[in-house]
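A short write-up of the structure that comes next.
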Amino acid sequence: MAKNSMKPRIRFKGFTDAWEQRKLGEMGETYAGLSSKSKEDFGHGEAEFVPYMNVFTNPIADVAMTEAIEIDDRQAKVKNGDVLFTTSSETPEEVGMSSVWLKNGSNTYLNSFCFGFRASESINSYYLAYMLRSSGVRRKIVFLAQGISRYNISKKKMMEIKVPMPISAEQRQLGEIFRQLDNLITLHQRKYDKIVNIKKALLEKMFPAEGEEVPKIRFKGFTEAWEQRKAKTLFISYAEKGYPELPVLSATQDKGMVYRDDTGKNIFHDKNNEISYKRVQPGQFVIHLRSFQGGFAHSNILGITSPAYTIFGFKDDEKQCDLYWKYVFCSSEFVKRLETVTYGIRDGRSISYDEFLTMKFIVPKYEEQVQIASILIEIDNLITLHQRQLEKLKNIKAALLEKMFV
C-alpha cells in the first residue's frame, strides 16, 4: 500500500506522518461474555452486566444501561477502556458493532452475545471508539460476516482486521473532536425529546377528556364551556375529480399531505388514471389507511390523491380552524376513539367515514381554536428546528467518520 494512502483526507494541522495499519490481535487480547447462565440467574444480585443493545447502540457505552446479576468470579470482568463487540445480528451490516466501556468497577460482566477486547498497550479510548465505528473499518468487519438467516463474526477473524493507528497525540485530537460532537448530538436529542414530550402533554390537556366539557389547560380569557357537536354537523366529504394537471399528493402520518415526488419513494402509478384522482384543497383532510397513530392527514397544499381515500372539509356555514382540527385528529384521545370506527385486519385497518360522522366532539369557539392551534404550531416549529439540527450534526459526524480515518 502506498504511503500516501495511509493518510486521511481531513486532518488536524501539524500532523503529517503516515498512519500505521495494525491488526487488533497484535495490540490486545479478547475475552468471552457470560457463560453457563440460566434465565433465573438474571435480574437480581450485587453485580451488573452490559446488555447487547448498549453495545450495539453506543460507540461509548452508557454506564447506566446495565442489568443486575449475581457476583460470579468465574466470569471475565469488564474493565475501564475495554472494547465490547457484538458477535451476531440479523444483517451483515450490523454485525460486529463496537462500544468502549469507560467506568471503573469490580463486578461488571458482558452479555453472552458479545465478546470483549482489552488493549495491552496505550490507545486513546475515544479514538478507539470512533475509529472502530468509522466507515472504513466497518466495511472490513461487514466483509467478514457469515451466515444466512443470521450473521456472525468470530473473535479470531475480528482480531485479524487491520485498523489505522496514528501517533498518540493525533489519537487524542480525533477522540476529543468526536466526543464533543457526540455530546452536542446528545444535547440536541434531549432538547428534541423534551419538546416532543411537552407537545404530547399539551395534546392530552388542551382538549377535554371523555366526559368533560373543558380542558385541563386553557388560555387566559376563555371561560365558556365547550359545545358538544356531532361530526356530521361540522364536516362534508368531497369527491372532485378531473384535475390531472395538479400535482399528485401522498398521505403521511407526521407531515400530513405532501407532494408524492417529495416522499423519496418510487411509488408507481399510471398517469392515465390521474383523471379519476380526487382534488385536495388547503384546509381539507384525507382519511387514509390507518396505522396505530391515526389516519387523518391535514393538507395545506393543493393537489390530487388516490380515489380510494376520503376527502372532507368543513360545511360552508361552519367557521372552524382547520389547524386546530389537525391537532384534534392526532391527539391520543381521538386516536383511541378511532377503535370504534375502524374495520379490517389489525395492520392497515381502514376508517369508516360514515361511522366517523356519528362521533361526538366537544368544540370550543373559533377564537379559542386559533389560540390552541397557534401554540401547537410554535411547538411543532421548534421540534422541526431541533430535528434538522440533529440530522445536520449526524450527517457531519458520518462525513467525518468517512474522511478523518484511513
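The values are calculated or read from the model by the stated rules, or taken from the named source; none is laboratory data. All values reported here derive from a predicted model rather than from experimental measurement. No Cβ is skipped: glycine too gets one built from the backbone with ideal geometry, and neighbour counts run over all protein chains shown. In case anyone asks, the SASA skips ligands and DNA or RNA and just uses the protein heavy atoms, side chains included. Shrake-Rupley method; radii C 1.70, N 1.55, O 1.52, S 1.80 Å.
Things worth noting here:
- From the list Glu121, Glu93, the one residue that fits, being at negative phi, out of contact with any Lys or Arg (no Cβ under 7 Å at 6 or more places or on another chain) and assigned to a helix (DSSP H, G or I), is Glu93.
- Some residue of the stretch 11-34 being modelled with pLDDT under 95, assigned to a helix (DSSP H, G or I) and either crowded, with 16+ Cβ neighbours inside 10 Å or among the acidic types (Asp, Glu) (or both): no
- Residue among Asn104, Asn80 that is part of a loop (DSSP other than H, G, I, E, B) and farther than 19 Å from Gln171 by Cα: Asn104
- Taking each residue of the stretch 229-253 that is in a helix (DSSP H, G or I) and looking for partners that are open to solvent by less than 40 Å² (accessible area, probe 1.4 Å) with beta-carbon atoms closer than 7 Å, six or more apart or interchain, yields Ala231/Phe356; Ala231/Leu357; Ala231/Met359; Ala231/Phe361; Lys232/Leu357.
- Number of positions in the stretch 68-81 that are in contact with a helix residue (DSSP H, G or I) (Cβ under 9 Å, 6 or more places away or on another chain) and either among the polar types (S, T, N, Q) or open to solvent by less than 50 Å² (accessible area, probe 1.4 Å) (or both): 4
- Of all residues making up the stretch 299-331, the number that are in a strand (DSSP E or B), open to solvent by 20 Å² or more (accessible area, probe 1.4 Å) and at pLDDT 95 or above: 1
- Leading residue by the ranking (surrounded by the most Cβ atoms within 10 Å (Cβ to Cβ)) among those in the stretch 35-50 that are of a type outside the set (Phe, Trp, Tyr) and closer than 15 Å to Asp82 by Cβ: Val50
- Applying the criterion of being in contact (Cβ under 8 Å) with a residue 60 or more places away in the chain and not aliphatic (A, V, I, L, M) to the residues of the stretch 126-149, the residue that is surrounded by the fewest Cβ atoms within 10 Å (Cβ to Cβ) is Ser135.
- Note on the stretch 201-221: residues that are farther than 15 Å from Tyr327 by Cα, without any contact (Cβ under 8 Å) to a residue 24 or more places away in the chain and open to solvent by 80 Å² or more (accessible area, probe 1.4 Å) amount to 3.
- Of all residues in the stretch 58-79, those satisfying the criterion of being of a type outside the set (A, V, I, L, M) and in contact (Cβ under 8 Å) with a residue 40 or more places away in the chain are Asn58, Pro59, Thr66, Gln75.
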